[in-house]
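Peer 1: Below you'll find the structure I mean.
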Amino acid sequence: MKELIAMDLADPRYAALIRSLPVEHHTIRVARSVWEPRFAAAGLTTEFEAIFGDELEISLAREQIRRQADRRRKCLEVLLWGYPSGMRGNRHESYLANLDTISERAASDAPWPGYFANLRALRGLGMSTITKLAYFFGKTFEGHPAVILDSRIVAVLTRGTWAEFAGRRRVTYNNASRHYLRYLETTASAACGIEGATPEQLEFFLFSLGNAFGPSASGGEESPTR
C-alpha cells in the first residue's frame, strides 16, 4: 500500500486561494416554508416575521449574523444559517424552547470546558451547533478565536490531507470537544503561516474544499477524477 503524502496549506497555490476567500460573505439561503411552522409551534411567530418579513426566502451571511446585536435573534439566525433544511430529528424543538437560555450561555465568557458543558447540557446541542454559536458570538478561548468544527471538518482532519493538521487526525465527532482547543491553536498557527489569511478563512477552506484535493500516493501519479 502506497504511503499518502500530506499537502501543505502554505503551498502558494492553496495559500492564494485561502487568503482570497471572502468568508464574511459566505451566505446561506433559507426557505420560509421550512421554518415557519416550526417557529409557530414554538410560539415564536413574531421573531420569525422579524427575520423573514414578507420574503419566501432569505439570505444570511456570516458577517450579517456576527454583527447582529440582539442575542436572541442572533441565536435564531445561527440556527437558520447552520440548518437551512432543519435540524436532525426534532432537535429544533429543544433549541427553540431553550432560546433564552441558549442566548445567555452563548454570550458568556466561560472558558471552553465550561462554555461547552453549559450548552451541551441542553438537549439537542452538539459540537457543531455549539462551535457555531461560539464563532458567531466572537468568543476566544486561550487566546485563539473560535471557529466552527463540525462533522465535515472532522472528516477532513481524520483523512490527513493537510500537513499542518497532522496532529489532529485522531479527532472524531465524539471526542471533538476535548480536542477543540488544540484545533483552534493549530488553525491559528496554520493561518499565521499564510500571509494575510485568518483562522476563519482557513476553517471555511477546510469545510468547502478540504477534501477536494489529494493527498496523492507517493511513487505514483494522481488518478484523474473527471
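Values in this text are rule-based calculations from the coordinates and carry no lab data. Owing to the predicted nature of the structure, the values given are computational and were not obtained by experimental measurement. Note: ideal-geometry Cβ built from the backbone for every residue, glycine included; neighbour counts use all protein chains shown.
Peer 1: If you build a Gaussian network model of the chain, linking Cα atoms that sit under 10 Å apart, which residue out of E55, E195, E142 swings the most?
Peer 2: Taking springs between Cα atoms under 10 Å, the residue moving most is E55.
Peer 1: Further, regarding this structure: Restricting to bridges with both residues inside the chain, how much of the DSSP beta-bridge set is antiparallel, in percent to the nearest 5?
Peer 2: That works out to approximately 90 percent antiparallel.
Peer 1: Here's something else I'd like to know. Got a sec? How would H25, H92 order by Cβ neighbour count within 10 Å, fewest to most?
Peer 2: H25, H92
Peer 1: When the distances between all Cα atoms of segment 1-83 are binned every 10 Å from zero, what whole-number percent does each bin get?
Peer 2: Histogram of Cα-Cα distances, whole percents per bin: 15, 37, 19, 14, 12, 3.
Peer 1: If you take Cα extents along the principal axes in Å from the coordinates, which of (1) 61, 39, 34; (2) 136, 67, 44; (3) 54, 40, 33 do you get?
Peer 2: Of the labelled values, this structure produces (1).
Peer 1: Sorted by packing (mean other beta-carbon atoms within 10 Å per residue), highest first, where do 162-169, 65-72 land?
Peer 2: Output ranking for 162-169, 65-72: 162-169, 65-72.
Peer 1: Roughly speaking, what is the stretch gain from E55 to R182, that is 0.36 nm per residue apart minus the C-alpha to C-alpha distance, in nm to one decimal?
Peer 2: Stretched fully, the E55-R182 segment lengthens by 41.6 nm.
Peer 1: Sorted from fewest to most neighbouring beta carbons within 10 Å, what does the list Y14, Y115 look like?
Peer 2: Y14, Y115
Peer 1: Another one. Among 85-91, 125-131, how do they line up by average Cβ neighbours within 10 Å per residue, starting with the highest?
Peer 2: 125-131, 85-91
Peer 1: Which value at 222 nm does the chain reach when only helices count, each DSSP H run of 4 or more adding -39,500 (n - 2.57), with the total divided by all residues and rounded to the nearest 500 deg cm²/dmol?
Peer 2: -14500 deg cm²/dmol
Peer 1: Okay, next question. Which residue, P111, P199, P145, has the most motion in a Gaussian network model of the chain that connects Cα atoms within less than 10 Å?
Peer 2: P111
Peer 1: Treating only the Cβ atoms of Lys and Arg (+1) and Asp and Glu (-1) as charged, compute the dipole magnitude of the chain about its Cα centre; round to the nearest 20 debye.
Peer 2: 620 debye
Peer 1: In what sequence do T46, T187, T27 fall when counting other Cβ within 10 Å, fewest first?
Peer 2: With the fewest neighbours first, T46, T187, T27 line up as T46, T27, T187.
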